[in-house]
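Input: a single structure, listed below in structure tokens.
The values are calculated or read from the model by the stated rules, or taken from the named source; none is laboratory data. If you're wondering where the values come from, they're calculated on a predicted model, not measured in any experiment. Every residue, glycine as well, gets a Cβ built from its backbone with ideal geometry; the counts of neighbours run over all protein chains shown. To get the accessible areas, we keep the full protein, side chains included, count just its heavy atoms, and leave off ligands, DNA and RNA. Shrake-Rupley method; radii C 1.70, N 1.55, O 1.52, S 1.80 Å.
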Amino acid sequence: MAVQLNVLLFNKRLGLVIDSWKDAATKEEYSSIADADALLLSAGDPAGEDEPTRKGTALQTWLLGYEFPSTFILFRKDKVLILCSASKAKILSQVVGPNSHVPIEIFAQARAKDPPTDAFPRFVEAYCSSQRVATLTKESHTGKLIDDWKAAISAAEKKPEVVDMTPAVSSFLAVKDDEETKTIKVAAALTSTLLTAYTVNKLESILDRETKITHEQFAGQIEARLGYEGDNGKGPDMKIWGQNKALSDLDWPSTEFAYTPIIQSQSTSSGYDIRPSSESTSDPIAHKGVFLVSLGMRYKGYNVNLGRTYIVDPTKDQQALSGLLVSLQAELLKIMVDGTPARDVYQHAVSFIKEKKPEVEKNFVKSVGHIIGLEFRDNAYALSSKNTRPIKKGMVLNLAFGFTDLQDDNGKKYALLLADTVQVTGSEPAVCLTTGMKSTKDTLWFLNADDDVKEVKPTKKPPTTKLGTNGNASPTKNKTAGGKVLRNKTRSAVQEELVQTTAARISEHQRELHSRLISEGLAKYSEGAGGSGGKEGKGWKRFQSYKGEAALPREAESLRIYVDKKAQTIILPVHGYAVPFHINTIKNVSKNDEGDFTYLRVNFQTPGQLAGKKEDTPFEDPDATFIRSITYRSPDGHRFDTISKQITDLKKEVNKREQQKKEMADVIEQDTLVEVKGRRPHRLPEVFVRPALDGKRLPGEVEIHQNGLRYQSPVSTQKIDILFSNVKHLFFQPCDHELLVILHVHLKAPIMIGKKKAHDVQFYREASDVQFDETGNRKRKYRYGDEDEIELEQQERKRRQLLNREFKAFTEKVAEASTQSTGDTLEPDIPFRELSFEGVPFRTNVRLQPTTECLVYLSDPPFLVVTLSEIEIASLERVQFGLKQFDMVLIFKDFTKTPLHINSIPSAQLDDVKNWLDSVDIPLAEGPVNLNWGPIMKTINEDPYDFFKQGGWTFLGGSAGGEESDQESESDSESEFEVESAAEYSSASSGAESDYADSNASEDEGSGSDFDDDESSADWDELERKAAKSDKKAVDRGTAHGDSDEESDRPKKKKAAPKANGKSKGKR
């Protein structure tokens, strides 16, 4: 049966309805049905998608697990009657049985083609036999069954009294059982993951880059994470949902949004509105101020709601109010226990506001939440000042409150919102089912550098400050007072201290990154989600040479060796039978001559062979008996030569074909490009393309169409179409310090251009103009010196600026068109040349440039585009004192991908590379030697969970953090101390030797020995005082004696004073 009902759950919940109805006289929440003889649940045609869930539909879904339109259910205390169509009767017949709480009778109406039955009149008669019937009087339905019902009731002689059962139905649905709680927790996990893994990061990106996007577009992008249907439909974005392992086994068709995500900022034309019924407007998002984000999701019919307020550069009042909302939620959770009246929750909230900040009481909401479940909102359990109903254990509520009509320092109105879905657990405080990005540390973003606050939200953009040799800001900006170097710091000391501070900061941050890496790895590969042994895609592949004996070629009858190229088969005679062997079962063939005979040996693929790459070739049954080889002897050596060559050539041809097939496995066939109609498309003329098209190299033009780009060659029908849905990154590289201005497109999946597959398509124009006349002309006659060359340089500069503007404007148009077409924001990335470094990713030394999201080299093919978010860890190798270069290996999160080696990076740029890697949150490690990554990755792929359990990447050492690095640093410091002590001791002893070796030591030498003990323990201030004192004495002595020949070595001492550092004490 297509639809399977949960009969046990139906009987349990039906029993709850009947038992609660029987005890209605003693329970206030069921008083509305206490005097009713029957309960009628009617349903007509399905409601529209935009309409909220009706209470009747919610009750039907709660009982049966599905919505059944055009179905009537009449509950009696001793029986249940169901009126429905014949097709629905087949499904509902599952609940009929001896285990039912009360007997169930189904009245099935006839199909349209069949003669009518007496089901409908009998059901009407059963309804009219009751004295008083409770139903949902406020709900109105439409449809043929509803019309027939109204007509039949109006024509009936006896009509029962009708009462409203809405309060009782609310009580039926209020307390959630274990199955409902489990479903709601999944919906809460969906909503929380969407907020933390995508929405907040996307909002940060929009604010950081000042992206021009409307509230409506942003809401649409959030909604698209769940996928959409249609011709170009796509499934859920598992990059987002996969970050929560609780969402691994989900019924995605049962997942939907409760409402379109609501995004509001200070530019929202309708003003701030914290109600879930508000909508995202088509106004562009402001890049500062208050932002309200509301997300509601529904899983298997159960709703969950979440709301947050984010503030950029908040005022003191806004900071205080944000903290007040978080504190208020914690207070309310404490009193939301079993039996607390709903109004007490609200009154406690108002009292808390009065106590903490009475001036904003008038701006506080009139209700702090409501019950949530199959219905998004049920006012019967609203947390307001007038509701006396108690909340009970198992209830799930939307705890939502905030302030409205507040005014900032500039007089602009704003609102604050905090909403979470919470569950009442009993006598313990209620718990939040939705989590994430709630504290003021996460919701208050300070972008102004002048704000003296600690909670600075780091931006993802690399720093644009002018960097020093070690990648940091100039030390004098951080270590100066009044424009002068601090008195107790020399320039070298300042620089050294800054380097140490930076190293400590990086080390601390790296420790956090590495610990997070291990925890994420354990979570990702736990519960059997282990490795694949690096054999993904490998499996036993069946080879069929012929479908039957009749398909064998005629040559097989001669019982001679025959190579059938068409069937890729070798037919070998074995004991009087022609036995076909597919070429893939043959490893190789060898031939040798012995005497008058030639021997031909055919070797087969068998398990257990140490044959390099073929060692792990899978077999259908490795325990079967295999023929390893077969040998033939013949006096006809020429024939065996021919056969051996044919088999070898066929093997090569098949291997080549397999290799080409493997290379083209990831190439996709794009959809058709939809051209712009009604207007001319935006064009970028006179550009060249890489990879180049066949034929003469001539510039073409790039056009922006509805769902992609098209490059058209001017002399042929050749064209390149790139769909926006296949664009992963878009780059614009200006022609500053470059010969080309570039628009570069990096694709998600490669496409075929000519006969080659391409991951990257680049459109460029040469920046230098070589077409000018260097011979004398009129301008030359009247100009002297370098005026003409200066003018040419100025023209060159202007031309480059125009090229940059033209390409940048076109790139932005491409990004805008892509965003509108796919719903995903595509931001053009520009390389940061000031952060660039040299390296060898392929065979030549190139300048690699970081961008916001990638590391790229775009100037010449082969291009390099590495997405930073796909990098697991960076390993810096050959980092040794004395080596002029080091290597960097980038290991990807997809362990099946080969790590990327970037070799021969200058050691002078080591600090720059480390600072950049740390700034983009990439864990890094250092090592003195190169590692063999092939076996390492194979070991990791065999069991990633065990790899992370044993410490993960800590084996790389360096900045991996943890106990090992602490021990290493401790031992390093010890060794440094020992070396220093030894040097000090040796220099001291050599100084002592000089005192005793020459009794006729000069005064200078004798006075120089005065520094031995005192200055070794003196600080810089004392040394400076002594140096100044000795200088003054030298000046006085020079004045007193003039050009006297008296022996005096004071000027010598002045030169030696800076060397008195406690380590160099010997004779000069």
In nanometres, what is the gap between the two model label sites at residue 860 and residue 718, each 7 Å from Cα along Cα-to-Cβ?
2.2 nm
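For the range 780-851, which whole-number percentage of the solvent-accessible area (1.4 Å probe, protein heavy atoms only) is attributable to carbon and sulfur atoms?
Here it works out to 47 percent.
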Computed Rg/Rh for the range 804-904 (Cα atoms; Rh = Kirkwood radius) stands at 1.05
May I ask for the Rg/Rh ratio of the range 837-952, computed from Cα atoms with Rh as the Kirkwood radius, given to two decimals?
0.96
Near the amide H of residue 289, under 5 Å away, which other amide H atoms are found, from residues 5 or more places off or on another chain, if H is placed in the peptide plane?
312
Largest-first ellipsoid semi-axes for the range 181-311, taking √(5λ) over the Cα gyration tensor eigenvalues, angstrom:
25, 16, 14
Cα→Cβ-extended label distance, 7 Å offset, between residue 787 and residue 809, nm:
3.3 nm
Gain in length, residue 593 to residue 154, computed as 0.36 nm per residue apart minus the alpha-carbon separation, to one decimal in nm?
147.3 nm
For residue 634, tell me the accessible area in Å² from a 1.4 Å probe, rounded to the nearest 10.
20 Å²
All-pairs Cα distance distribution in the range 1-124, expressed in whole percent, bin size 5 Å
2, 10, 19, 23, 20, 15, 8, 3, 1, 0
Express in Å², to the nearest 10, the accessible area of residue 392 obtained by rolling a 1.4 Å probe over the protein heavy atoms while all chains stay in place.
70 Å²
Separation between the residue 752 and residue 628 pseudo-spin-labels, each 7 Å from Cα along Cα→Cβ, expressed in nm?
4.3 nm
List the trypsin sites (Lys or Arg not before Pro) within the range 156-213 that fall in a DSSP loop (any state other than H, G, I, E or B) and whose Cβ has at most 16 other Cβ atoms within 10 Å.
158, 212
I'd like the FRET efficiency for residue 407 and residue 269, computed as 1/(1 + (r/R0)^6) with the beta carbon distance as r and R0 of 25 Å, rounded to 0.05.
0.85
With a cut-off of 20 Å, note down the residues of the range 724-755 whose backbone N falls inside the zone around a label point 7 Å from the Cα of residue 676 toward its beta carbon.
724-727, 730-732, 743-745
Sorted by accessible surface (1.4 Å probe, heavy atoms of the protein chains only), largest first, 671, 50, 409 come out as 50, 409, 671
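Please give the contour-minus-distance gain from residue 938 to residue 870: 0.36 nm per residue of separation, less the Cα-Cα distance, rounded to one decimal in nm.
The span from residue 938 to residue 870 would gain 22.6 nm if fully extended.
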Using amide H atoms built in the peptide plane, which far-off residues or other-chain residues are under 5 Å from residue 718 H to H?
713
Counting only heavy atoms of the protein chains, get the accessible area per residue of the range 195-354 (1.4 Å probe) and round it to a whole Å² value.
42 Å²
Using a 1.4 Å probe on the protein heavy atoms only, what accessible surface does residue 181 show? Give it in Å² to the nearest 10.
20 Å²
Leaving out ligands and nucleic acids, and using a 1.4 Å probe, what accessible area per residue does the range 16-121 come to in Å²?
49 Å²
So which trypsin sites (Lys or Arg not before Pro) in the range 653-745 end up in coil per DSSP with only 13 or fewer other C-beta atoms within 10 Å?
677, 679, 696, 697
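Just need the Rg to Rh number for the range 634-735, please, alpha carbons only, Kirkwood Rh.
Answer for the range 634-735: 1.29.
Can you order the peptides 96-103, 686-693 by their average number of other Cβ atoms within 10 Å per residue, highest first? Working shown, then result.
On the way: 96-103: 12.4, 686-693: 17.2.
Put in order of decreasing packing, that is 686-693, 96-103.
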Would you grab the residues whose amide H sits under 5 Å from the one on residue 878? Only those 5+ places off in sequence or on another chain, please, with H modelled 1.01 Å from N.
887, 927, 929, 930
Here, the range 178-445 modelled as identical Cα point scatterers in vacuum has Debye log10 I(q)/I(0) at q = 0.11, 0.12, 0.13, 0.14 Å⁻¹ of -0.60, -0.71, -0.84, -0.98
With θ set to phi - 60° and the Karplus curve 6.51 cos²θ - 1.76 cosθ + 1.60, what are the ³J(HN,Hα) couplings of the range 650-657 in order, to the nearest whole Hz, using x for Gly and Pro?
5, 4, 5, 5, 5, 4, 5, 5
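Between residue 362 and residue 19, 0.36 nm times their residue separation minus their Cα-Cα distance comes to what?
119.0 nm
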Leaving out ligands and nucleic acids, and using a 1.4 Å probe, what accessible area per residue does the range 837-952 come to in Å²?
43 Å²
FRET efficiency estimate (nearest 0.05) - Cβ-Cβ, residue 549 to residue 249, R0 56 angstrom:
0.70
For the range 41-118, which trypsin sites (Lys or Arg not before Pro) are in a loop by DSSP, counting at most 15 other Cβ atoms within 10 Å?
77, 79, 111, 113
